[in-house]
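The values are calculated or read from the model by the stated rules, or taken from the named source; none is laboratory data. Quick caveat, the model's predicted, so the values are computed rather than measured. Glycine gets a Cβ as well: all are built from the backbone with ideal geometry, and neighbour counts include every protein chain shown. For accessibility, only protein heavy atoms count, side chains too; no ligands or nucleic acids. Shrake-Rupley method; radii C 1.70, N 1.55, O 1.52, S 1.80 Å.
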Amino acid sequence: MALAPTIAAAQTGGGEANPGGLQIDIGVSSGLTYDSNLSLDPGGEDAAVWDTGLTFALSSVTGAQRFDVTASGVLRYIDTGSDSDFGLEDTRLRFGYQRESLNSRLTLSASYSDVDRDFIDPFADSSDSSSSSGSIATTSAALRYETGLQDPLGFWIDLSHRKVDYSDTDPTDTDLTDNQTDRAEIATRMRLSAVSTVTVSATGTWYDETGATPLDRTTTEYLARLEHEIDPVLSLDLGIGHDRIEETESGVTTVTSGAVGFIGLERAMTNGTANARLATTLDDEGRRTELTFGREMELPRGTFAASIGASRAPDGEVDAIGSVTYTRSTRTGELSVGLERTAYTDDGDNTTDTRVSLGYRHQINEVSRLDLGLAWSLVDASNGGVEDETEYARLSAAYSRDLTADWDLTSGVTYRTRSESGIDDAHSTAIFVTLSRNFSYRP
């Protein structure tokens, strides 16, 4: 699995840029890509890909409500030399609605996508790191209703549903299993004073996984939270609760329960904020505790945010975690740097996920620019035993030019690598060119 550098579909605002009233946004694109190893597998085939994408968005914005619906798809032709395919791919639908009054707010959303896994960006979706091909269809829906927004006492209910279906994947890849997650939360918020707010919530999460080994998991959480301004520059965020996790796999039921909570302090500084946070959580793998310290700063020509800390796994192993984000505006563009390291437990293995990104945009003149990017990630689940690492790297350069007020031309080259324990390394070089147009219409 890897990202092919084709343009899946022209991007439109989808209603986000609608200043008010009824607006139609349309995006069209046509792109040609040659990739020496599209699937980024050892010994993978080269491929020529021709994508023609269309995005349609309808949005309506008034003072009290917002509505938008977006549909997109790609008419794709792929020729790998040994085979060819033509059809509609990467179909996506999205619906959103929000209505707000002085004292209440209703938010509805729903989405559907069916994506070829060869075109998933592993840097954007770390949860889907398998090398197997095939496709993934995701359906989601959410509802949130809040009342008492301006009152001392308020309530909300939050419901969500997400279903993931895989097709045409390697049957031996047990990481790709159809699953469904349903979640319901009900909460009440009480403003005790101008500087103190208490929230009490109850949340239930139901996770079902089908496959060779069906799994059902029910998680119940009760949480009380206090947000308090100690003084004009120092604030406290404190939460105390209890979790219960009941999991049934292969007819065997296990129950994990215990206290959860967090405590955080944030202090306002002359050019930003400083914070510290201690949190302990429970999941089906056991208890994980994390301590982090952070700093955010507004700089004369950019921003800087960093955190550093430690994460203690259920088995007692401690890993360093943290992140750094830096952006700086230059005379002719922008530089961005990102670093993030997280730790989690998956199937009993303590795993660290380290990601690095570097981007630079150079504005050549009023109508053209150059974008350079470097991304690297390492997922290490070795856990002190047999080596189990997956490493990605991507280096890209793209040149863009505004041909007219509406038409854009983008071309470039991308080099990708994938290294996984027990599997030969894979490399890919791709060149691409895309012509696109986005425009809006207000009836």
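Would you work out which of Phe155, Asn179, Gly258 lies farthest towards the positive end of the dipole of the range 151-277? Charges go on Cβ: Lys and Arg +1, Asp and Glu -1.
Phe155
What number does the range 341-402 give for Rg over Rh if you use C-alpha atoms and the Kirkwood radius? Before the final figure, lay out each step's value.
Numbers: Rg = 17.7 Å, Rh = 14.0 Å.
Rg/Rh for the range 341-402 comes to 1.27.
Please report, in debye to the nearest 20, how large the charge dipole of the range 209-356 is about its Cα centre when each Lys and Arg carries +1 at its beta carbon and each Asp and Glu carries -1 there. Show your work: numbers first, answer last.
Numbers: 14 positive and 27 negative charges, 198 e Å.
Here the size comes out at about 960 debye.
If Lys and Arg each add +1 and Asp and Glu each add -1, what is the summed charge of the other residues whose beta carbon sits under 13 Å from the beta carbon of Asp237?
Details: positive: Arg225, Arg267, Arg277; negative: Glu227, Glu229, Glu266.
Charge balance in the 13 Å sphere: 0.
Note down the net charge around Glu334, summing +1 for each Lys or Arg and -1 for each Asp or Glu among other residues with Cβ under 14 Å from its Cβ.
Here the count lands on +4.
Over the chain, average the accessible area per residue using a 1.4 Å probe and give it in Å², no decimals. Walk me through the numbers on the way to the answer.
Working: 23530 Å² over 443 residues.
That works out to 53 Å² per residue.
With labels modelled as points extended 7 Å from the Cα through the Cβ direction, what inter-label distance (nm, one decimal) is found for Asp175 paired with Tyr77?
Once both label points are built, they end up 3.5 nm from each other.
Given +1 on the Cβ of Lys and Arg, -1 on the Cβ of Asp and Glu, and no further charges, what dipole in debye does the chain carry about its Cα centre, rounded to the nearest 20? Could you put the intermediate results ahead of the total?
On the way: 35 positive and 72 negative charges, 535 e Å.
For the chain, the charge dipole is close to 2560 debye.
Nearest 0.05, what FRET efficiency do Ala276 and Leu192 give at R0 = 35 Å with Cβ-Cβ as r? Could the numbers behind the result be given before it?
Values: r = 24 Å, r/R0 = 0.68.
Calculated transfer efficiency: 0.90.
Taking the alpha-carbon centroid of each part, what is the distance from the range 28-101 to the range 365-393 in angstrom?
So the separation of the two Cα centres works out to 23 Å.
Could you work out how far apart the two model spin labels at Thr139 and Phe439 are, taking each label as a point 7 Å from the Cα in the direction of the beta carbon, and quote it in nm?
3.7
Given Ala57, Val164, Gly333, which one lies farthest toward the positive end of the charge dipole of the chain, if we put +1 on the Cβ of every Lys and Arg and -1 on the Cβ of every Asp and Glu?
Checking the options against the dipole of the chain, the answer is Gly333.
Carbon and sulfur together cover what percent of the accessible area of the chain at a 1.4 Å probe radius?
Details: 13400 of 23530 Å².
That share works out to 57 percent.
What percent do you get for the relative contact order of the range 262-355 when only Cα pairs under 8 Å and 6+ apart count?
Working: 209 pairs, mean separation 16.6, N = 94.
Contact order relative to length: 18 percent.
May I ask for the net charge around Ala141, where only other residues with Cβ less than 14 Å from the Cβ of Ala141 are counted and Lys, Arg are +1 while Asp, Glu are -1? Numbers along the way, then the final one.
Numbers: positive: Arg94, Arg144, Arg162, Lys163, Arg183; negative: Asp158, Asp182.
Around Ala141, the charge tally is +3.
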